[in-house]
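Presented below is the structure to which this report refers.
The values are calculated or read from the model by the stated rules, or taken from the named source; none is laboratory data. The model shown is predicted, which means the values in this text are computed figures rather than measured ones. Backbone-built Cβ (ideal geometry, glycine too); neighbour counts: all protein chains shown.
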Amino acid sequence: MPETVLVTGGAGFIGSHTCVELLAHGYEVVVVDNHVNSSPRALERIAKTAGRPLTAAYDTDVRDRGALAEVFAAHRVDAVIHFAAHKAVGDSVARPVEYYDTNVGGTCALLSVMHEHDVRRLVFSSSCSVYGDAQNVPLTEHSPVAPTNPYARTKLMCERILADVCAHLTDMKVLALRYFNPVGAHPDGLLGEDPHGVPDNVMPYVAQVAVGRRERLSVFGDDYPTPDGTGVRDYIHVMDVAEGHRVAVEHLDDDTGMRVFNLGTGTGTSVLELVAAFAEASGRDIPYRVVDRRPGDVAELVADASAVAAAWNWTTARDLAAMCRDAWRFQELNPRGYAR
Ligand SMILES: NC(=O)c1ccc[n+]([C@@H]2O[C@H](COP(=O)([O-])OP(=O)(O)OC[C@H]3O[C@@H](n4cnc5c(N)ncnc54)[C@H](O)[C@@H]3O)[C@@H](O)[C@H]2O)c1
């Protein structure tokens, strides 16, 4: 019997690519998404890209325990990947209650319904933002955590809740993955990053500038203590993130309890380096202007990716040029994203 994986937030950027990866490896995939930051059209494209349909998709809010319980009653769920969350740092400063409600409240609702249905295997979307304003990079899973904004605090809170749940339910198996900066798109050009409204992340913004949808990029600060003064991040191809989740599901049974892993490449890239790489991949100019730092942003976040490599014998495979090429292909083929 193939395993059934329930993917919350499965229509979103990382979720949609992970669904394709799971379908390609024979899993049955059930999606729960309320489309607050995604299009239902992504679901059709998942099936097209994977060449296989999703088992089911529900337009459901993860905070709605009753509706979630019906989903668990309808499917024999073997594992859950929990992506559904709000994710924009700046927005979280402006709307903290919504972030705690969805990210922490949604996780609690999910955990209680999983518990009621005896589902004990979970992969959780955490974030490198839990490390805060890191003093020493690369960051290992043992580096101090000190989140600097409400979004990052919701992720750390969820990790702590999960650790407490694992301490109580000793057969629970949880992998919390702290992603660094997922970018890029599926190479077939059908799936990519299409956030509602103004993109909060740099890569989709750059892509929208390149395609002429936005005038110019705002670079938030060039006075950070980094080689060119702009923020340095560890960009990771979304296909590597997707693959990492499939491999994580395969490794859930390695141990019981709560385990935390970084998901990054170990390579740092500044905003200006990213802009140059994208201009090269797209053949387009990327006009930009430097503006003030953004509240909650930090200078440098780069992963020590060795723990995952040692535990799963798995590493990322795609470089910055591939990330830019694939993000550009999606943007060029879908100038208005999933909107027709
Ligand atoms: N993209 C990044 O840079 C990044 C980095 C680190 C961690 N993460 C985490 O990874 C996860 C996925 O991120 P993404 O980039 O794919 O974001 P995304 O916004 O594209 O996907 C999130 C999905 O969850 C859905 N969703 C939100 N609230 C929901 C709710 N209450 N009920 C049901 N569905 C809901 C949205 O509609 C969306 O489809 C998030 O938890 C995010 O915090 C993302």
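For the stretch 245-259, does any single residue satisfy the condition of being at pLDDT 95 or above, over 30 Å from H168 (Cβ atoms), surrounded by 15 or more Cβ atoms within 10 Å (Cβ to Cβ) and of a type outside the set (D, E)?
no
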Of all residues in the stretch 100-112 being surrounded by fewer than 24 Cβ atoms within 10 Å (Cβ to Cβ) and of a type in the set (A, V, I, L, M), the one that is farthest from A73 (Cα to Cα): V104
Candidate set from the stretch 1-54 (those that are near the ligand (Cβ under 8 Å from one of its atoms) and of a type in the set (S, T, N, Q)); member that is surrounded by the most Cβ atoms within 10 Å (Cβ to Cβ): S16
Some residue of the stretch 244-263 being farther than 30 Å from M157 by Cα and either touching a Ser or Thr at 6+ places or on another chain (Cβ under 6 Å) or of a type in the set (D, E, K, R) (or both): no
Residue ID - farthest from N136 (Cα to Cα), chosen from residues in the stretch 304-314 that are in a loop (DSSP other than H, G, I, E, B) and touching a residue at least 12 places away in the same chain (Cβ under 8 Å): W314
Selection within the stretch 150-198 - of a type in the set (S, T, Y) and either over 17 Å from the mean Cα position of the chain (by Cα) or in a helix (DSSP H, G or I) (or both): Y151, T154, T170
Index of the failed condition, L23 passing every other in (1) closer than 22 Å to L122 by Cβ; (2) in contact with an Asp or Glu (Cβ under 8 Å, 6 or more places away or on another chain); (3) modelled with pLDDT of 95 or more: (2)
Filter result (in contact (Cβ under 8 Å) with a residue 40 or more places away in the chain and among the aliphatic types (A, V, I, L, M)) within the stretch 142-166: A152, M157, I161, L162, A163, V165
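Identify the residue in the stretch 62-74 that is surrounded by fewer than 19 Cβ atoms within 10 Å (Cβ to Cβ) and in contact (Cβ under 8 Å) with a residue 12 or more places away in the chain and, among all such residues, is nearest to V30 (Cα to Cα).
A74
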Members of the stretch 23-54 that are within 21 Å of M239 (Cα to Cα) and of a type in the set (V, I, T): V29, V30, V31, V32, I46, T49
Test: residue in the stretch 107-118 that is modelled with pLDDT of 95 or more and either of a type in the set (K, R) or assigned to a loop (DSSP other than H, G, I, E, B) (or both): yes
The stretch 81-92 - residue that is over 13 Å from L110 (Cβ atoms) and more than 8 Å from the ligand (Cβ to nearest atom) and, of those, surrounded by the fewest Cβ atoms within 10 Å (Cβ to Cβ): G90
Number of positions in the stretch 164-211 that are closer than 29 Å to V290 by Cβ and among the small types (G, A, S): 6
Hits in the stretch 313-334 (condition: among the hydrophobic types (A, V, I, L, M, F, W, C) and either crowded, with 16+ Cβ neighbours inside 10 Å or under 17 Å from the mean Cα position of the chain (by Cα) (or both)): W314, L320, A322, M323, C324, A327, W328, F330
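Would you mind finding the one in V174, V202 that is of a type in the set (A, V, I, L, M) and under 19 Å from D78 (Cβ atoms)?
V174
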All positions within the stretch 208-233 that are within 16 Å of the ligand (Cβ to nearest atom) and modelled with pLDDT of 95 or more: F220, G231, V232, R233
Set D78, D118: member being more than 13 Å from the ligand (Cβ to nearest atom), surrounded by fewer than 17 Cβ atoms within 10 Å (Cβ to Cβ) and acidic (D, E): D118
